[in-house]
Structures are given as C-alpha cells and as structure tokens.
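The values are calculated or read from the model by the stated rules, or taken from the named source; none is laboratory data. It should be emphasised that the depicted structure is a prediction, and the values quoted were computed from it without experimental measurement. Here the Cβ positions follow ideal geometry from the backbone for every residue, glycine too, while neighbour counts run over all protein chains shown.
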Amino acid sequence: MKNYYITTAIAYTSGKPHIGNIYEIILSDSIARFKRFQGYNVFFQTGTDEHGQKIEEKATNKNQTPKQFVDDVAQIIKGLWDKANISYDKFIRTTDDYHEKQVQKIFKKLYDQGDIYKGYYEGWYCTPCESFWTESQLVDGKCPDCGREVKKAKEEAYFFKMSKYADRLKEYYNNHPNFVLPVSRKNEMLNNFINKGLQDLCVSRTSFKWGVPVDFDSKHVVYVWLDALTNYITGLGYDVAGNNQENFKKFWPADLHVIGKDIVRFHIIYWPIFLMALNLPLPKQVYGHGWLLQDGEKMSKSKGNVLYFDDLAEVFGCDAVRYYVLSEMGFENDGLVGWELMTEKINSDLANVYGNLVSRTIAMTNKYFNGTVENTFESDAVDQSLIEVVEGAYKKVESKFNELKISDAISEVMAIFKRANKYIDETCPWILAKDESNLNRLKTVLYNLCEAITVGTTLLAPFMPETANKVAKMLNTKLRTLDNVQKFGLEKQFNVTNSPEVLFPRLNLKDVMEKAEIIKEKQIKEYMQESKTEPNKNAKTEVSNKTENQAKAIIDFDTFSKAELKVGTIVNSEKVEGSEKLLKNTVKLGDEVRTIVSGIAKTYNPQDIIGKQVVVVTNLAPRKLKGILSEGMILCAFDEETNNLALVSPITEFKDGCEVS
C-alpha cells in the first residue's frame, strides 16, 4: 500500500475562521478521502498556529494569558473542522510540547551550522501578517500582503541566510516543474522575490514574549514562520537528533501541501530553504489555491462581509456547503460565495439534478415494483449510452484529481446524474408502466437508474460523505470499491427504502435571506460586544479655536435638511501615520462601509471606539487627509471651556444606516 501525506496550512488562532479559511480544509479533506478510496495509506494533518505578537495583544485585551486565549480559539477551530466532517488524522497545535522542543532544537542546529546569525532588524512591520518589509517592498506605503498600515521597527534579531540557498532553490524549480501549482504562483515568486535577490530572513523577536523561547538566548523567541512551517515535520515525529518516529519515516516528504495563495511565498521559498538547511527532502508538491470572495471582495470583519461555515451549514446543511465551495472554486482563479449564489446553485445542482433523480427513481421503484428491481436485460441503445457515461466517469474524475482540478472532478460526477435524468426522459417509465408487456423493460430501466446513482454517489462521497452514505442506505446497497466502480450491472437487485428522505429540499430565496439577515445582525452584535470598551473620558483635545461667542449664521430648515445624517458603527480604527490628532475609522452604515478620517486621536485610542455607534454626515463631498480619502464626518460634541470632546451617539442601539432626523 502506498503512503500519501497531505497537509493544510495551520489556522492562526487570532479568531474564528471564516468560510474562505475553511474552504482549504474541505478541499484537502476531499483529496484525502479520494486517495483513501484509491487505496492509499493516507496521513492528513491540519492544526493551529498559536504564537506571535498579535496573539499576545489579543489575549491582553481580553484579560487572558496567551495560552488561555489560544486554548479557547483552538477549540473553536477544531470544532468547526469536526462540524465540516473533516477526516484529519492529526490536529497539531504549535503550543504542543513536542513541537516546541523540536523548534528549539532546529533553531539551535541552524545556528550552530552558521545558517542563523544575530544582528539588528530595522524596517517596516505589519502586525496582522507578522511580517517585516523593506521600503521597496511596500505598496503605497502599506503591507503588500494585506494592505494594512505598517510600523517602523528596530530590534535585535537572529537572521537566516536565505541568499545562501537561492541558487539551489532555483535549480530545484527547474528540475521539478510541477513542484508549485498553479505555475503562475511560482513565476510570481521568481519575479518578485528570488530573481531580485533573497534577503536574509528575521527568525526571532525580542519585542514580545509569546513564542517558542530561543533556549540559548532568553531575550529572543522564535519568529513565527520558522515555528509554524516546521509543524509539517514535527507532527510526523521528526527529531533533529535523528531519532525520527515511524510516521516521519513512512510519510515524509509530503505529497501535497495545500495552502492559500497569500502564503505561497513562505511555502515555496522559506520552507524549502529551511528543509535544505536541515538536509531533508522537499515536499513533492505545493498547491496555492485562490480565495473565496464575498461580493467580489476578500472577507473581512471590518467590512462586515464575513460568512462562517457553521452559519451556512445551519441554513443549507453541511454537505451542501461542502459541495458549493468545492464546485465553485476553480483551479487557479478566485471563487464567489454569498447567500443568493449558494441558494441558486444548491437548488439547481443538488435539488433539481441529484436529489430529484434519487427521489424519482426510488418513488417509481416503489410504485411499480414494491421497491424491488433487478436487471432483466431487456435493453435498448439508449441504455448503452448511459452505461458508457457511468463506466467512464472514474477515469475522468481521477484525471481531474491528479491535476488538482477539484471543481472539474465534481462536474464529471454530476455528468452521471444529468445523463441519468435525461435517460428518464428518453425511456419514459410512466408510459412503460401502462403496458404489462413492458414491465421487464421497465425493471431494467429502473435498475439502470439505481446502478447509475450508486456509481455516481460513490464518486461523490469524497465531497459529500454524509449524503453518499444516506443514498446508499436508501438504495439498500454499499458504495462501490475502487475495483468495481468502473463496472456497470454488478448488483443483482435493488431493494429500495419505502420512506425515502428528501435529500435537498428546494430553497426559497426569501426565507434564506431572512435567515441570513438574522445571522448577520447576530454576528455584528457579537463583534461589537467583543470590541466594545469604555471611551477615555478624562482625555482632552484641541479641535477648534472658536469661542462660544463666535456663533455660526442662522440657516433655514431647507438648508439644514440637505445634510444626510445616519447612525453607523465603528468596526475598525487606527492612527494615521504622521499625525498626532487623526484617526482612520472604518464605519459600517447598513450595507455600506466607509472610511472616515477624524481629528479625535488626542481623546480616543483606536481600540476605545471600535464597536461604538456614532452619527455620521454621509453626504459630504469626499476629501483627502494625509493621503487618505475620507468619505463623511463623524459628529462630536466639544466643550471649549474644559477642552473635552465626545462622540455623538444614540442613547439606545439602532440598526446601522438608520437616518437621524
């Protein structure tokens, strides 16, 4: 039996993953399940990345230790994976004791052999990405990965000599053309990083403590990527001293790393070089998939467009969500997700094509033959056409899996069900049933439909395992094995259930959107509650030099009514670089999210106002402040005598976007 090792990127424990994050886990699960079906001895590893400055800050904000914080979030993540029916063999946490010990040993080995040295780092640091950047790597002065603000940072650090291995990495690329898929990801890394000259990589930090300690230098903790990436070998039982566990001997090198396109750089530059330095074989393949986009944008809590697996599964069902994300995401491109899109596809593919086929077949088998049919071999030319589609499906599905074109593999499975529905229209069982002389022919037709459903459902099982088991039970049969999935007519007879379950009830879009709105409001409320803190009431600011005697001119009601005032929620806030008084605020106004720059930084810290409802002038002409386009004005009250300032807020909570009149 051949071994097969597949991994996902480990999920960062800064919060609950959205559907775009869990897509990768479902994708990897479908590959692992298909490989098991093919007879491979599969080891499927996933887990959580739990160290770093961002975690330390979040824990502090919640009055928790970092370990308490990551324990809570890791439990949420593992629970989501289980709800999605993920068949992982190992769930690793980077706070696991054996992992931390091996990270320390790896760091020491690389230091001792001269690949790591101590120096100082001075550059631009992105806290969310936990990445350092040079001036030339910034895009419009911001992080090139996430687009967020970066901070100037300088600290003592250990560095890894990346340039030492650059030529060797290029040679590996040339000798292994399928090492990185899609090829465009590799070309992007070559052009943007490797060919420009690899810079030495910062692999330790001193400005925070939540990380694996460098055991020979207590000021330092191991920086995130050397810690996180090595999970792929520590999870198998790798030991620097050579006392490797059996799993490492059996499964390394990995057959496939499945990752998002945003972290390709770390997996096809840093990770291979680390392995070269450790004198270990490189993984056979790295696949950088695209993103699931909500309304054409990357999902973000600050934009209020986040979708979570458990919420979607509550409305559509676990397997329907799995089916949607796997069929929607192409090999190289991004995919789209949304309540309406999912409703339409689930209705068209799962309710109309697959569910309807199973329902009609079982219903007719019960109606005409009390639930039992066998092959009477009264065949027609149209039967052979169906049989050819069914028997040829596995090879097509296998080919698409080998190319990692998983959505295309699903299409090949659905082709069986579409052909079977057409077969019903061609044979017209209800007409055959009217003439007793056609009953044997009718038995063969229904038998053929049951066979087609069985084979198709077997091939659908890696994507929709619960549904596959349900259908097999309804047909009172077993899913096919690899040896007989390409053979038609193996079952002697089918004894179908007399009380079939409706697999995928047709969804009403209005009902779905009502549920979606309830879920959305709940999420926003939870997010606001998490972020809400008391404003700094003692702080003072200087906003205006006007005195109370400098009253503005009287205006009439028509002039006043031209101002559009709405209630909004501040979902994110950050200081504007180069300004002592400006904050850049992200404000949610119903379905709309705006960026508004406000001169309140001397009164409010950014974290003090996240989650706070405010009143916004929404029809002001946009203007640029410090290079940031501000799309409105947040109203404040200002007392010149005490120099106090306060945001204007409704006394009770209102729905975002409500007009103030």
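For every residue, the table says whether it meets (1) assigned by TED's automatic domain parsing to the domain that holds PRO462; (2) part of a helix (DSSP H, G or I); (3) farther than 30 Å from TYR324 by Cα.
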site	(1), (2), (3)
VAL73	no, yes, no
LEU80	no, yes, no
TYR88	no, no, no
GLN104	no, yes, yes
TYR117	no, no, yes
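All conditions in (1) over 30 Å from MET162 (Cα atoms); (2) surrounded by fewer than 22 Cβ atoms within 10 Å (Cβ to Cβ) hold for GLN285, with the sole exception of (1).
Note on the stretch 78-102: among residues that are among the aromatic types (Phe, Trp, Tyr) and buried (at least 16 other Cβ atoms within 10 Å of the Cβ), the one that is farthest from GLY242 (Cα to Cα) is TRP81. Of all positions in the stretch 306-313, none carries a residue that is more than 27 Å from ARG148 (Cα to Cα), at pLDDT 95 or above, among the aromatic types (Phe, Trp, Tyr) and under 17 Å from the mean Cα position of the chain (by Cα). Considering the stretch 320-352, and only residues there that are of a type outside the set (D, E, K, R) and surrounded by fewer than 17 Cβ atoms within 10 Å (Cβ to Cβ), the residue that is modelled with the lowest pLDDT turns out to be ASN333.
For the stretch 93-128, a residue qualifies if it is closer than 30 Å to LYS142 by Cβ and under 30 Å from the mean Cα position of the chain (by Cα), and the qualifying residues are THR94, GLY123, TRP124, TYR125, CYS126, THR127, PRO128. β-branched (Val, Ile, Thr) and surrounded by fewer than 21 Cβ atoms within 10 Å (Cβ to Cβ): does that describe VAL222? The answer is no for VAL222. If you go through the stretch 4-27 one residue at a time, do you hit one that is surrounded by fewer than 20 Cβ atoms within 10 Å (Cβ to Cβ), at pLDDT below 95 and of a type outside the set (Lys, Arg)? Yes, because at least one residue in the stretch 4-27 is surrounded by fewer than 20 Cβ atoms within 10 Å (Cβ to Cβ), at pLDDT below 95 and of a type outside the set (Lys, Arg).
What helices (runs of 4 or more DSSP H) lie completely within the stretch 358-475 and have 1 or more residues being under 43 Å from the mean Cα position of the chain (by Cα) and either closer than 22 Å to LYS492 by Cβ or free of Cβ contacts under 8 Å to residues at least 12 places away in the same chain (or both)? Walk me through it before giving the result.
Numbers: elements: 381-402, 406-427, 429-432, 439-460, 465-474.
Hits in the stretch 358-475: 381-402, 406-427, 439-460, 465-474.
When only residues in the stretch 587-611 that are part of a strand (DSSP E or B) and hydroxyl-bearing (Ser, Thr, Tyr) count, which is farthest from PRO650 (Cα to Cα)? This residue is THR595.
If you check PHE193 against the conditions, is it modelled with pLDDT of 95 or more and of a type outside the set (D, E, K, R)? So PHE193 does not fit the description; no. For the residues TYR111, TYR98, TYR120, the requirement of being of a type in the set (Phe, Trp, Tyr) and modelled with pLDDT under 95 singles out TYR120. When GLU56 is tested against (1) more than 30 Å from ASP319 (Cβ to Cβ); (2) under 20 Å from the mean Cα position of the chain (by Cα), just one condition goes unmet, and that condition is (2). The single condition among (1) within 22 Å of ILE194 (Cβ to Cβ); (2) surrounded by 15 or more Cβ atoms within 10 Å (Cβ to Cβ) that TYR125 does not meet is (1). If you scan the stretch 211-237, which residues turn out to be closer than 17 Å to PHE132 by Cβ and among the hydrophobic types (A, V, I, L, M, F, W, C)? Passing the criteria: VAL221, VAL222, VAL224, TRP225, LEU226, ALA228, LEU229. Checking the stated criteria, GLY611 turns out not to satisfy the condition of being in contact (Cβ under 8 Å) with a residue 60 or more places away in the chain, in contact with a strand residue (DSSP E or B) (Cβ under 6 Å, 6 or more places away or on another chain) and small (Gly, Ala, Ser).
Every test in (1) closer than 30 Å to GLN613 by Cα; (2) crowded, with 16+ Cβ neighbours inside 10 Å is passed by GLU517 save one, and that test is (2). Picking from residues in the stretch 612-630 that are surrounded by fewer than 19 Cβ atoms within 10 Å (Cβ to Cβ) and part of a loop (DSSP other than H, G, I, E, B), the one that is modelled with the lowest pLDDT is GLY627.
Count of the stretch 3-38 residues, restricted to those that are under 22 Å from ALA461 (Cβ atoms), in contact with a strand residue (DSSP E or B) (Cβ under 7 Å, 6 or more places away or on another chain) and in a loop (DSSP other than H, G, I, E, B), is 0. Of all the numbered requirements in (1) among the β-branched types (Val, Ile, Thr); (2) surrounded by fewer than 20 Cβ atoms within 10 Å (Cβ to Cβ); (3) under 30 Å from GLY288 (Cα atoms), ILE406 misses one, and that requirement is (2). With respect to LYS109, is the statement that it is in a helix (DSSP H, G or I), of a type in the set (Lys, Arg) and touching a residue at least 40 places away in the same chain (Cβ under 8 Å) true? Yes; evaluated as a whole, the condition is true for this residue. Residues considered: LEU475, LEU446, LEU482. Of these, the only one that is modelled with pLDDT of 95 or more, surrounded by fewer than 21 Cβ atoms within 10 Å (Cβ to Cβ) and among the hydrophobic types (A, V, I, L, M, F, W, C) is LEU482.
Would you be able to say whether some residue in the stretch 236-252 is surrounded by fewer than 20 Cβ atoms within 10 Å (Cβ to Cβ) and either under 17 Å from SER28 (Cβ atoms) or in contact with a strand residue (DSSP E or B) (Cβ under 6 Å, 6 or more places away or on another chain) (or both)? Spell out the reasoning first.
Of all residues in the stretch 236-252, those surrounded by fewer than 20 Cβ atoms within 10 Å (Cβ to Cβ) come to 237, 239-250.
Filter once more, so that each one left must be either under 17 Å from SER28 (Cβ atoms) or in contact with a strand residue (DSSP E or B) (Cβ under 6 Å, 6 or more places away or on another chain) (or both): 250.
Yes, there is a match, as at least one residue in the stretch 236-252 is surrounded by fewer than 20 Cβ atoms within 10 Å (Cβ to Cβ) and either under 17 Å from SER28 (Cβ atoms) or in contact with a strand residue (DSSP E or B) (Cβ under 6 Å, 6 or more places away or on another chain) (or both).
The residue that is farthest from the chain's Cα centre (by Cα), among those in the stretch 476-515 that are within 22 Å of VAL321 (Cβ to Cβ) and not hydrophobic (A, V, I, L, M, F, W, C), is GLU501.
Does LEU201 fit the bill of being at pLDDT below 95, over 23 Å from ASP97 (Cβ atoms) and in contact with a Phe, Trp or Tyr (Cβ under 7 Å, 6 or more places away or on another chain)? Before the answer, list the steps.
Details: at pLDDT below 95: yes; over 23 Å from ASP97 (Cβ atoms): yes; in contact with a Phe, Trp or Tyr (Cβ under 7 Å, 6 or more places away or on another chain): yes.
Yes.
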